[in-house]
Structures are given as C-alpha cells and as structure tokens.
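Below you'll find the structure, written out as structure tokens, and then a few comments.
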Amino acid sequence: MARNFRRVITGHDASGRAIIESDQNATQYLERPNRPGVRLTNFWLSDGAPAEYDGPVETCTGNFTLHPPTGGSVFRCVEFLPEDPEVMARLDGRAAFAEMGAAANIVENARHPFMHRTDSVDYAMVMTGEIWMMMDDEADDVLLKAGDVVVQRGTNHAWSNRGTEPCVIMFVLNDGVTRRDASGDSVKGIPPRPAITGGIDGS
C-alpha cells in the first residue's frame, strides 16, 4: 500500500504571529502503470531563488513534472517497492518518463530501463529500507540504507530496490547548471572533460 505523508505548512497571521496555515496529507502524487511500484509525492515547489515564504500556501499545482521549476526547487518523497526483474525487462523507460515531461532525460541503452539524468543538484536521504543507486558502470553502484545521504550532481543514475521491503527516499531537487561561469552548450548537460589520450605518462 502506498504511503501518505502529512504535510504541515507554517505562516503568519495579520499581527505577524507564527501560525499553522495547513495541516493535511500531501495531495500531489504520481503513480503510473509504466513504472509499477513507484509513487512520487510532491510537498513544495519554489519557482525561483530566493524562495518566497509569504507567497501562496499551496504551490503543488498543475502537471506533475520530474524536473524542478527553472531557477527553483522541488521537495518530494519517492517510494520504491521491491523490483521484479522480469517485469522491469519489459518496461519502456522513455514512455514512463514522458508522463512526467521527462522523456528526454532517459539514458538510451542503459543498464536499467529508468537510468536518467537531470540538470539539477539533488539532495537525497533514504528514510526507510534500502536501495541500489546505479551509475554508468556497475563498479560504481552503491547500496544505500536508511539514514544515508546522497548529493546527486547531474549524473546518470537509476534506483533499484532489490530487497524485500519498500524504500522511501526524500529529495530536494534544485535546478542547476554545470558551472555558473560556463557558457554556450556547456551550461547544461554532462560537463565536458579533457580527452584522455596516450598512456599514464600522457604520451
């Protein structure tokens, strides 16, 4: 059964005193047949920086998209149920991500059907369970457990729950660039690196 999250939002009354503006379950979530066993729940979106703390009480409206707003951020949790390898082998990652406006974020011919990347810096904490964070090469894969933290810096990755219990990860995605001093095509995408040529001595 998918998990619901209580969301409490604070604010100020007419005299400037701290109050609770909203206390209810978060209502913007996404589940889809193309990605069975995964539920994304949004808690808050900021559409720029600095973030506003005296704006609307509800920012999670409109279409559910993977990437944060331009220049902004999104705070969400994702629940991953254990994967069935046979089911995963039949899934279309591009079609599933298209439902979040992110078909172009899928990495083609990757090790996992949902390998993807975003132009963002993502802060993540595993809240419950455990999960594999898959990278381009298997040697770099990492098993993450409750309490572990990841800073995902625009790299290709996929999440794979190979265990027997659900895994919940909290995320804050921040719209990003490779470097603030980058220009042209190097502002977004995988950061350019000098070509590696020759042997260890550079010859």
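The values are calculated or read from the model by the stated rules, or taken from the named source; none is laboratory data. Since this is a predicted model, take the numbers as computed values, not measurements. Using ideal geometry, Cβ is built from the backbone for each residue, glycine included, and neighbour counts are taken over all protein chains shown.
Taken as a whole, the range 68-80 holds no residue that is assigned to a strand (DSSP E or B), in contact with a strand residue (DSSP E or B) (Cβ under 7 Å, 6 or more places away or on another chain), surrounded by fewer than 17 Cβ atoms within 10 Å (Cβ to Cβ) and of a type in the set (Asp, Glu). It is to be established whether one or more residues within the range 93-108 are of a type in the set (A, V, I, L, M), assigned to a loop (DSSP other than H, G, I, E, B) and more than 27 Å from Glu138 (Cβ to Cβ). So far as the range 93-108 goes, no, none of its residues is of a type in the set (A, V, I, L, M), assigned to a loop (DSSP other than H, G, I, E, B) and more than 27 Å from Glu138 (Cβ to Cβ). Anything in the range 1-27 that is in contact (Cβ under 8 Å) with a residue 24 or more places away in the chain and in contact with a Gly (Cβ under 9 Å, 6 or more places away or on another chain)? List them, or say none. Passing the criteria: Glu21, Ser22.
For (1) outside any loop (DSSP other than H, G, I, E, B); (2) surrounded by fewer than 19 Cβ atoms within 10 Å (Cβ to Cβ); (3) in contact with a Leu (Cβ under 6 Å, 6 or more places away or on another chain); (4) not hydroxyl-bearing (Ser, Thr, Tyr), each residue gets a yes or a no:
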position	(1), (2), (3), (4)
Ile131	yes, no, yes, yes
Leu143	yes, yes, no, yes
Gly147	no, yes, no, yes
Arg162	no, yes, no, yes
Met170	yes, yes, no, yes
Asn174	yes, yes, no, yes
Val177	no, yes, no, yes
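You will find that of Glu52, Glu58, Glu86, Glu21, the residue that is more than 24 Å from Glu165 (Cα to Cα) and either in a strand (DSSP E or B) or at pLDDT below 95 (or both) is Glu21 and no other.
Would it be correct to say that Ile9 is in a strand (DSSP E or B), aliphatic (A, V, I, L, M), touching a strand residue (DSSP E or B) at 6+ places or on another chain (Cβ under 8 Å) and loosely packed, with under 13 Cβ neighbours inside 10 Å? So Ile9 does not fit the description; no.
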